[in-house]
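First the structure, in the form of structure tokens, and then the observations on it.
The values are calculated or read from the model by the stated rules, or taken from the named source; none is laboratory data. Quick caveat: nothing in here was measured; it's all calculated off a predicted structure. Glycine also receives a Cβ, built like all others from the backbone with ideal geometry; neighbour counts cover every protein chain displayed. All accessible areas refer to the heavy atoms of the entire protein, side chains included, with ligands and DNA or RNA removed. Shrake-Rupley method; radii C 1.70, N 1.55, O 1.52, S 1.80 Å.
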Amino acid sequence: MIDHLSAARPALSADEIDAAAKRIADIIDPTPLQLSPRLSALTGAQVYLKREDLSAVRSYKLRGAYNLIVQLSAEERAAGVVAASAGNHAQGVAYACHAMGITGRIYVPTTTPKQKRDRIRVHGGEFVELIAVGETYDAAAAAAAADVERTGATMVPPFDDPRTAAGQGTIAAEILEQLGAAPDLVVVPVGGGGCLAGVGTYLRERAPQTGILGAEPAGAASMTAALVAGGPVTLPEIDPFVDGAAVRRIGAVPYAAVAGFGGRVVSHGSLPLLTATESRSGAGSFRLLQVDEGAICTTMLDLYQNEGIIAEPAGALAVAALAEVDVTPGSTVVCLVSGGNNDVSRYGEIIERSLVHRGLKHYFLVDFPQEPGALRRFLNEVLGPDDDITLFEYVKRNNRETGAALVGIELGTPDGLEPVLERMAASPIQCERLEPGSPAYRYLT
């Protein structure tokens, strides 16, 4: 069996990232760096979007996958490659396999959107076999590791390899070249940590005055957990919604790089938060921020409706983080739009999560008297003039006098909740609000 782990690997550094940029130049064109007038007006800064969603595979993952595979020996290429991915890395590996004529087997979670699976097959063609296994990336990764042990193929990690991270770090080299100067702040989405490690390493060496903000989904904050613990840890559970960044455990290579960026961990509500070593933003600071999944959904809708950008959840992470930080007016900020592989069938859930996050959508269990006019009385006594029922579903009807129904109410404005709750309290109809995040809320909605 080929021991791919024993091969000499260059350390992650700005020089290696520059070398990676030369390796990938033959098949990967630089992605646009676009000024966003809307976000600039909202923040008072000059906000640019680094459009990795416009790459050949609609994400930055091709950079790392190709940089690793192109360095394999003839013997390793003949044995083929194996990868595990939530979708985007798989497309990068598939594209690279097809471009170099190398066979590959790609393992994805069964939760990977159909759109991403279809794109993997298109990019890989006859060179790639797609295998769906388990519900999380970690399950797919375990299956891929077993494949490597069994067949002697070479693993192409999505983030935990300096060659992968170096390829992803070429984004930073492009940003500096396209701007012609160092930005004040670069916002990077965080999943397994490879992109943050590569981009951050390059900026630390080539533009040390540039601040770095890592944005990870609140439901899968594996990098924050690692920095708190002093090393990579496995999260007991994650919210898989931000599928491109929902990773239970970050890699050792990204952790080693990111841990050297500085910063300190403090308390932020019920979550730990990594803040800048300085008291102000920018000027070489490093921070790590958790972004609520609902806020990410709102950002996805804003990007689509205003800029026409189809961003997947992980692709909107960096832009969503802007609303959570104080940006210095007049500064130059770059947000990485990391991917645009979003299945249109998910937009129903995206809209729903956005409404809940904005305080416009609420759910209640209502015990309706089993008598004529009960629903009409509820509408007249409880709902406001701009409120609407968007869901009405009986949970069970085993009582002749009352029947419990799950009722979804969309408010006209967020501040309409308190009046609704007051009218419910005054009504003879028994109502119970389902709190977001509670077991009953997750089960019933």
List, in the order given, every pair from Lys61/Lys114; Lys50/Lys114; Lys50/Lys116; Lys61/Lys116; Lys22/Lys61 whose Cα-Cα distance in the structure shown is over 24 Å.
-> Lys50/Lys114
In nm, give the distance between the simple-model label positions of Asp118 and Asp292, each being 7 Å from the Cα along the Cα-to-Cβ direction.
-> 3.3 nm
At R0 = 51 Å the Cβ-Cβ FRET efficiency linking Leu54 and Glu371, nearest 0.05, sits at 0.30
Let me know the Rg and Dmax you get for the stretch 81-152 when you use only its Cα atoms, in Å.
-> 10.9, 30
Top positive-direction residue, dipole computed over the chain with Cβ charges, set Gly219, Gly373, Ile17 | Ile17
Does the stretch 63-109 come out rounded, prolate or oblate, given a ≥ b ≥ c as the square roots of the eigenvalues of its C-alpha gyration tensor, rounded meaning a/c under 1.5 and, failing that, prolate meaning a/b above b/c?
-> prolate
Theoretical ellipticity at 222 nm over the chain - DSSP helices of four or more residues, -39500 (n - 2.57) apiece, nearest 500 = -11500 deg cm²/dmol
Could you check what % of the DSSP bridge pairs in the chain are antiparallel, to the nearest 5?
-> 50 percent
Note on the stretch 61-210: alpha-carbon gyration tensor, axes a ≥ b ≥ c; rule is a/c under 1.5 for rounded, else prolate if a/b larger than b/c, else oblate; result prolate
Could you give me the percent of Cα pairs per 5 Å distance bin for the stretch 350-400, shortest bin first, beginning at zero and ending with the bin that holds the maximum distance?
-> 4, 15, 24, 23, 16, 10, 6, 1
Once Lys and Arg get +1 and Asp and Glu get -1 on their Cβ, which of Ala45, Pro162, Gly315 lies farthest toward the positive end of the dipole of the chain?
-> Pro162
Roughly how many nanometres apart are two label points built 7 Å out from the Cα toward the Cβ at Ile351 and Arg150?
-> 4.3 nm
Charge dipole of the stretch 359-443 built from unit charges on the beta carbon (Lys, Arg +1; Asp, Glu -1), centred at mean Cα; most positive-end Cα among Pro428, Phe364, Ala404 is Ala404
Roughly how compact is the chain, stated as its Cα Rg over 2.2 N^0.38 Å to two decimals?
-> 1.07
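How much length would be gained if the chain were fully extended between Asp239 and Arg433, taking 0.36 nm per residue of separation minus their Cα-Cα distance, in nm to one decimal?
67.6 nm
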By its C-alpha gyration tensor, with a ≥ b ≥ c as the square roots of the eigenvalues, how is the stretch 359-443 shaped: rounded for a/c under 1.5, else prolate for a/b larger than b/c, else oblate?
-> oblate
Where the only charges are on Cβ atoms (+1 Lys, Arg; -1 Asp, Glu), what is the dipole of the chain about its Cα centre, to the nearest 20 debye?
-> 520 debye
Net length gained if the chain between Glu418 and Ala142 were fully extended (0.36 nm per residue, minus Cα distance) | 94.5 nm
Sorting Leu391, Leu303 on solvent-accessible surface, 1.4 Å probe, most exposed first, gives Leu391, Leu303
Nearest-ten-degree value, helix 162-179 long axis tilted from longest Cα axis of the chain | 80 degrees
